[in-house]
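The values are calculated or read from the model by the stated rules, or taken from the named source; none is laboratory data. Predicted model, so just to flag it, every value in this text is computed and none were measured. Neighbour counts are summed over all protein chains in view; Cβ atoms, including those assigned to glycine, are modelled from backbone coordinates with ideal geometry. Heavy atoms of the whole protein, side chains included, go into the accessibility calculation; ligands, DNA and RNA do not. Shrake-Rupley method; radii C 1.70, N 1.55, O 1.52, S 1.80 Å.
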Amino acid sequence: MTTIELTLSAPVNLRDLGGIPIDGGVLREGVAIRTDDLAYVTPEVASDLVANGLTAIIDLRSPLEVTTTGRGPLADYSVSYHHLPLIADVGQSMKDGRPQFSHESMGEMYVGMVEVAAPQLVTALNIIAYTPGAAAFHCAAGRDRTGVLAAMLLLVLGASDDDIVADYALTGDNMREIMRRSEPVMGAMWRALGIDVSTRDETTALLEGSMEVSMRMLLQTLRDRHGDALAPLRAAGLSANTEARLRERALGA
């Protein structure tokens, strides 16, 4: 699939995770930034991010999404780029050939990401641990795949479930703007997968009810299945040294 002509725009779901309570204090700013798609930010946004300390980008999107957009203005900067897809094939992740959008189905999907894509999540945590500045991680909306990585990072840092869920749920107020910004790219992707976007209305379910359901499902299901929500990552190579380094960075040690 070839790249499409994009309208550059500022992210609408970008936030530094600084200020969240963790074991030993609060997560400092300038360590981890979660955001919606960075592939089509404006040159001004790209420049500001780098000027404010961005040194690594973790792209959690599928290969199809990356092919659709390219890397955009941030490719012009000396910022390390790491493509770590949490869903390798968007088409295969659907049920009955259709995207499934409900808070419950999102929660089920998140569990699958942690269990199947644990090596990618471990690599992402290592990047955050050892990059000299801030690491920004993103998918398309900055909600689902991004939310899973944010949750795993916050679990390592000792954040409470309530604070992990609260951070995740902040995206709810941004959903309409996220959909507006991402529609050209996501529309091109759905068409590439043979889905009629003119009649697709499943995403409206994500504007209703509480987002908290999805993240609480993820945390509880991982504990029910594995005892420890981080067990799949530790089995995939998350080391005590990386966990310690993340805590040091988070607290400014």
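Observations on the structure shown:
- Residues being aliphatic (A, V, I, L, M), open to solvent by 70 Å² or more (accessible area, probe 1.4 Å) and more than 27 Å from residue 25 (Cβ to Cβ) - total across the stretch 163-189: 0
- Test result for residue 30, open to solvent by less than 50 Å² (accessible area, probe 1.4 Å) and farther than 24 Å from residue 123 by Cβ: no
- All conditions but one from (1) at pLDDT 95 or above; (2) under 23 Å from residue 172 (Cα atoms) apply to residue 74; the one that does not is (2).
- Extreme residue, farthest from residue 176 (Cα to Cα), among residues of the stretch 3-27 that are β-branched (Val, Ile, Thr) and open to solvent by 30 Å² or more (accessible area, probe 1.4 Å): 26
- Every residue from the stretch 131-153 that is of a type outside the set (Ser, Thr, Tyr), surrounded by fewer than 24 Cβ atoms within 10 Å (Cβ to Cβ) and more than 11 Å from the chain's Cα centre (by Cα): 132, 133, 134
- Enumeration of residues in the stretch 104-141 that are farther than 21 Å from residue 15 by Cα, in contact with a helix residue (DSSP H, G or I) (Cβ under 6 Å, 6 or more places away or on another chain) and of a type in the set (Gly, Ala, Ser): 107, 118
- Flag for residue 41 being at pLDDT below 95, over 19 Å from residue 153 (Cβ atoms), crowded, with 17+ Cβ neighbours inside 10 Å and in contact with a helix residue (DSSP H, G or I) (Cβ under 7 Å, 6 or more places away or on another chain): no
- Residues (within 17 Å of the chain's Cα centre (by Cα) and closer than 20 Å to residue 182 by Cα) located in the stretch 29-58: 33, 34, 35, 36, 37, 38, 39, 40, 41, 57, 58
- Among the conditions (1) at pLDDT 95 or above; (2) over 15 Å from the mean Cα position of the chain (by Cα); (3) surrounded by fewer than 19 Cβ atoms within 10 Å (Cβ to Cβ); (4) of a type outside the set (Gly, Ala, Ser), residue 81 misses just one, which is (2).
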